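These notes concern the structure reproduced below.
Read-outs throughout are calculated quantities, based only on the coordinates presented, and are distinct from any laboratory measurement. Everything numeric here is computed off the predicted structure, so don't read it as measured data. Cβ atoms come from the backbone with ideal geometry, glycine included; neighbour counts cover every protein chain shown.
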Amino acid sequence: MIVDFNQPVLLLTKVFFLFAFFIYIIFATVVVRQVYLMTNTLEVGFESQLRIISWLHLLLAIGVFLFALVAL
């Protein structure tokens with residue numbers, strides 16, 4: 001009898017990557033919060049651009065997670 005270890009290893013790899021992408025979404029959320037606090041504290045002249053970039057970063061992280069959820 002031949003035992004195929006390929007399926008459990010692939011499943012574990014997929015779960016690991018999805019978990020890593022989820023942790024990255026949490027990081028991106030923290031970045032949005034930190035940018036919000038920073039722009040309220042400091043006046044550098046381009047607060048709106050910083051906020052837009054941080055929100056785009058979060059949306060991209062969510063998009064990558066959803067793509068990985070479908071593709072994996």
Point to revise | Computed E for His57/Leu10 - FRET, C-beta separation, R0 30 angstrom, nearest 0.05 | key: 0.50
**Study point:** Under DSSP loop assignment and at most 15 Cβ neighbours within 10 Å, longest chymotrypsin sites (Phe, Trp or Tyr not before Pro)-free interval of the chain
**Key:** 6-45
Point to revise | 0 to 90° range, to nearest 10: angle between helix 47-71 axis and the chain longest Cα axis | key: 10 degrees
Revision key, fill the gap. Whole-percent tail of the Cα-Cα distance distribution for the chain, cut at 14 Å, equals 67 percent
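To the nearest 0.05, what FRET efficiency results for Leu72 and Val30 with a Förster distance of 22 Å applied to their C-beta separation?
Values: r = 25 Å, r/R0 = 1.12.
Efficiency computed from Cβ-Cβ geometry: 0.35.
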